[in-house]
1. With a 10 Å Cβ neighbour count serving as the proxy for reagent exposure, in which order, fewest first, do Val80, Val51, Val17, Val88 appear?
2. Taking θ as phi - 60°, what are the ³J(HN,Hα) couplings along segment 28-43 by the Karplus curve (6.51, -1.76, 1.60), each to the nearest whole Hz, with x for Gly and Pro?
3. To the nearest µm²/s, what D does Stokes-Einstein give for the chain at 4 °C and 1.567 mPa s, using the Kirkwood radius over alpha carbon pairs as Rh?
4. For Ser101 and Ser11, calculate 0.36 nm times their separation in residues minus their Cα-Cα distance, and state this gained length in nm to one decimal.
5. Can you give me the long-range amide H partners of Trp61? Hydrogens built in the peptide plane at 1.01 Å from N, cutoff under 5 Å, separation of 5 or more residues or another chain.
6. Compute the helix-to-body angle for 11-20: its Cα long axis versus the longest principal axis of the chain, expressed 0 to 90° and rounded to tens.
7. What value, in deg cm²/dmol to 500, does the helix sum -39500 (n - 2.57) over DSSP H runs of n ≥ 4 give at 222 nm once divided by the residues of the chain?
8. Subtract the Cα-Cα distance of Val80 and Lys44 from 0.36 nm times their separation in residues, and report this length gain in nm to one decimal.
Amino acid sequence: MIKRSEYMENSSELHHVYYSQFVTPETLNFVRNQIGMDKIKASKDPHLNDVVKWEQGGQTWKWDRSPINVPYAKECGEGVSLSTRTCVGKAAARMLLKQES
């Protein structure tokens, strides 16, 4: 378990590992079915920002709806915000890419 305080001390190196701990089977299914592996594989952006378009005038996007392990996130000191959901969804996408390579 990586607590939020530990993550904040070294966020650049721990980002993927930290957010990966909140990925669930539902997160993986969401990424596969709602975003799609073809789009993820075609991404040219290291942050996967080119995979989906912004919605509602640039206030939200599909990543924001990624399911996450809320109880575990809270136990680690993480808030459940749209940005948390985005980071978890992108961590799931990277996990799926690694599985497929």
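Nothing in this text is a laboratory measurement; each read-out follows from the coordinates by a stated rule. Here the structure is a predicted model, which is why all the values come from computation and not from measurement. Note that each Cβ is placed from the backbone with ideal geometry, even for glycine, and that neighbours are counted across all protein chains shown.
1. Val17, Val80, Val51, Val88
2. Each residue's phi maps through the Karplus curve to give 4, 5, 4, 4, 4, 8, 9, 10, x, 5, 4, 5, 5, 5, 7, 4 Hz.
3. Values: Rh = 13.8 Å.
Once the numbers are plugged in, D ends up at 94 µm²/s.
4. Result for the pair: 29.8 nm of gain on full extension.
5. Glu55
6. 80
7. Mean residue ellipticity at 222 nm (helix-derived): -14500 deg cm²/dmol.
8. Working: separation 36, 0.36 × 36 = 12.96 nm, distance 2.79 nm.
Between Val80 and Lys44, full extension yields 10.2 nm more.
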